[in-house]
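Colleague: One structure, as structure tokens, below. Some questions next.
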Amino acid sequence: MNEEAITLTPQQLIRKRAAGEPVEAGAAPDIEQHIINVLLENSMGALIRVVNMFSARGFNLDSVTVGVTEDPTVSRLCIVTRGSVRVISQILRQLNRLVDTIEVDDLTGTDFVERELCIIKVRCRGEKRADVLQVNEIFRGRVVDVTPDILALEIVGPTKKVDAFVNLMKPHGIDEVARSGRVAMQRAPQPEDGGSD
């Protein structure tokens, strides 16, 4: 055990471990990726206030997607960020304090559905084109544009599926990639089977 760990009280050790912070000097904190859904009033400057909050406090943003909900006065913002337990709890508190915020939900650790859209241009001709189209079919992608040298493909699915598809296209020669960022929603609770008498 090092000096810092020896000087911490048992309560401090418990708090540090619960917050995902390192107990030993020089150890890296436990960093996790989180998906946070925020319902915001659909007003001018609401999105800017959220982004500014992240920027001012040095929080990382992996992706941000925003769109209007079933209620035109409310927007849903899906944020993908990463940090220790303490950082994520600070982010959640700060988001709840923003004037336009209606509701904040951390979906991480819950049962949720996520999707991401990716459009990718792949440089290919001849036999190489057939290989690209075969992989595209396996991933249930769509061809959205064709030229003699380039195929533009669209794929929709969980981020892991999109990542796998992009990685398989790299050897063929990726010309350009556009990704939407993640959109996620908590699954509806399953009805309990009460059984029949």
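Only the coordinates and a few stated rules stand behind these numbers; no lab work does. Owing to the predicted nature of the structure, the values given are computational and were not obtained by experimental measurement. Using ideal geometry, Cβ is built from the backbone for each residue, glycine included, and neighbour counts are taken over all protein chains shown.
Colleague: Treating only the Cβ of Lys, Arg, Asp and Glu as charged (+1, +1, -1, -1), what charge dipole size does the range 112-185 show about its Cα centre? Round to the nearest 20 debye. Can you show the working numbers first?
Modeller: Working: 13 positive and 11 negative charges, 26 e Å.
Using Cβ point charges on Lys, Arg, Asp and Glu, the range 112-185 gives about 120 debye.
Colleague: For mean projected area of the Cα convex hull in nm², pick the label among [x] 19.4; [y] 14.5; [z] 10.3 that corresponds to the value derived from the coordinates.
Modeller: [x]
Colleague: Points 7 angstrom from Cα along the Cβ direction at ILE138 and LEU92: gap in nanometres?
Modeller: 3.9
Colleague: Mind checking which of VAL104, VAL64, VAL135 has the largest fluctuation in a GNM of the chain, springs on alpha carbons under 10 Å?
Modeller: Highest fluctuation among the options: VAL135.
Colleague: Also, I was wondering about something else. Starting from the exponent 0.38 and prefactor 2.2 Å, build the expected Rg for the range 31-106 from its residue count and divide its actual Cα Rg by it. Don't skip to the end; give the middle numbers.
Modeller: On the way: Rg = 11.6 Å, N = 76, 2.2 N^0.38 = 11.4 Å.
So the Cα radius of gyration is 1.02 times the expected 2.2 N^0.38 Å.
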